[in-house]
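One structure is given below, encoded as structure tokens.
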Amino acid sequence: MIDLHTHSNVSDGTDTPGELINKALATGLTKIALTDHDTIAGWDEATLYLRPGLDLILGSEISCQTEDGISVHMLGLLFDPNNKELSEVLSTTRDNRIGRMEKIINRLNEAGISITMEEVLAQLSDGATLGRPHLADALVAKKVVKDREEAFAELLHNNSKYYISHYSPTPEAVIKLIKGAGGVAVIAHPLASLRGRTVSVASFDSMVKAGLDGIEVSHRDHTLEQQELLAKIVKEFNIVATGSSDYHGNGKLNQLGEFTTSQEAFEILEAKADARRVVRK
Ligand code: AMP
Ligand code: ZN
Ligand code: FE
Ligand code: FE
């Protein structure tokens, strides 16, 4: 069972990387990708906790924004962690998330919802990528909302008047960076419309030209129709279809292994990386 998209508390998941690896073993996964938002900070701990029976695919879910302002998440897998260009972009995006959080907090404060940056940062583990889920957790701690779901539904969703995006490079630029670092690029949940505007089907063309290796087809935020449409697109472009849980620990309902990637699909992806980077013990 292969799950190619999961989060730890190095971004907005709630399990430590070590706990995530233990849960993956307990769930019976055979391969897991760790893909925290805009960071590789969990890679060492995940590697440390790995045991025989589970292979670790190190990666990151990288924030992108199209020229017309649509948010896109790109899974970078099996890339070289020492690649300078990619590391710098991840670091810049993490920095931009701080100023953006301050602006969202200001908007909430102006509307009479009292919350401070300190309260949000208190929800974050050391060095983790800051995101709206931490703001949600701070609002839960203050009893403004009951859980992350309600925080997003009421206040933090992409169409909310409090929402502000953070600057990120285009999907094409991020694909090129991932490929330049020897990795593979898979676009995450491209049609997950619950989250806000999504890319048009036509835009896959330029992403494939930039080197896109795969599309995350099977994901709980896609309807069956959307999965069928994406499966067709994958065939047309002769790229790879993946499936994954997008697990966030207690932060979301998603369960490890609820959607998976076939062994065959994974092997095609693995062969596209410029080095053998799957971690095995
Ligand atoms: P940000 O990266 O700050 O833009 O926040 C987006 C992240 O919030 C996504 O990657 C999800 O992990 C999380 N998220 C989005 N919607 C929800 C929701 N309804 N409940 C919990 N977490 C969510
Ligand atoms: Zn997330
Ligand atoms: Fe995502
Ligand atoms: Fe994710």
**OP:** Mind grabbing the accessible area of residue 207 for me, 1.4 Å probe, Å², rounded to tens?
**Re:** 0 Å²
Original post:
So how exposed is residue 116, as accessible area in Å² (1.4 Å probe, rounded to 10)?
Top reply: 60 Å²
**OP:** Return a whole-number percent for the relative contact order of the stretch 97-156, with Cα pairs under 8 Å and 6 or more residues apart as the contact set.
**Re:** 25 percent
**OP:** For residue 51 and residue 154, calculate 0.36 nm times their separation in residues minus their Cα-Cα distance, and state this gained length in nm to one decimal.
**Re:** 33.0 nm
Original post:
What is the magnitude of the charge dipole of the chain about its Cα centre, with +1 placed on the Cβ of each Lys and Arg, -1 on the Cβ of each Asp and Glu, and no other charges, expressed in debye to the nearest 20?
Top reply: 40 debye
Subject >> Mean Cα-pair separation over length for the chain, i.e. relative contact order, pairs under 8 Å, 6 or more apart, % >> reply: 26 percent
Subject >> Karplus-derived HN-Hα couplings along the stretch 236-250 (A = 6.51, B = -1.76, C = 1.60, θ = phi - 60°), whole Hz, x at Gly and Pro >> reply: 4, 8, 6, 10, 10, 9, 10, x, 6, 8, 6, 4, 10, x, 7
Original post:
How big is the charge dipole of the stretch 97-156 about its Cα centre, in debye rounded to the nearest 20, if each Lys and Arg gets +1 on its Cβ and each Asp and Glu gets -1 on its Cβ?
Top reply: 140 debye
Original post:
Okay, which of the stretch 223-237 sit inside 18 Å, backbone N to the point 7 Å along the Cα-Cβ direction of residue 163?
Top reply: 223
Subject >> Within the stretch 32-176, percent of DSSP bridges classed antiparallel, to nearest 5 >> reply: 55 percent
Original post:
Which of 213, 205, 80 moves most in a GNM of the chain, Cα contacts under 10 Å?
Top reply: 205
Original post:
Stretch residue 30-residue 116 to full length: gain in nm at 0.36 nm per residue minus the Cα-Cα span?
Top reply: 26.8 nm
Subject >> Accessible surface, per residue, of the chain when the full set of protein chains is kept, probe 1.4 Å, Å² >> reply: 44 Å²
Original post:
In whole Å, what three semi-axes, largest first, describe the equivalent ellipsoid of the chain built from its Cα gyration tensor (square root of 5 times each eigenvalue)?
Top reply: 28, 22, 18
Subject >> Nearest 10 degrees, 0 to 90: helix 263-272 Cα axis against the chain principal axis >> reply: 90 degrees
Subject >> Net charge, residue 163 excluded, C-beta distance under 9 Å - Lys, Arg +1, Asp, Glu -1 >> reply: +3
Subject >> Of all accessible heavy-atom area on the stretch 3-106, the percent that carbon and sulfur account for (1.4 Å) >> reply: 48 percent
Original post:
Projected onto the charge dipole of the stretch 130-281 (+1 at Lys/Arg Cβ, -1 at Asp/Glu Cβ, origin at the Cα centre), which of 157, 138, 168 gives the Cα projection farthest towards the positive end?
Top reply: 138
Subject >> Alpha-carbon Debye profile of the stretch 97-156, log10 I(q)/I(0) at 0.13, 0.21, 0.24, 0.29 Å⁻¹ >> reply: -0.27, -0.75, -0.99, -1.41
Original post:
How do 247, 167 stack up against each other in accessible area, from largest to smallest, with a 1.4 angstrom probe?
Top reply: 167, 247
Original post:
Got a number for the accessible area of residue 194? Probe 1.4 Å, square angstrom, nearest 10.
Top reply: 150 Å²
**OP:** Average the reciprocal distances over every distinct pair of alpha-carbons in the stretch 205-252, invert the result, and give the Kirkwood radius in Å.
**Re:** 11.7 Å
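The values are calculated or read from the model by the stated rules, or taken from the named source; none is laboratory data. Remember, it's a predicted structure, so these values are computed and weren't measured experimentally. Ideal geometry is used to build each Cβ from the backbone, glycine not excepted, and the neighbour counts take in all protein chains shown. Side chains included, ligands, DNA and RNA excluded: accessible areas come from the protein's heavy atoms. Shrake-Rupley method; radii C 1.70, N 1.55, O 1.52, S 1.80 Å.
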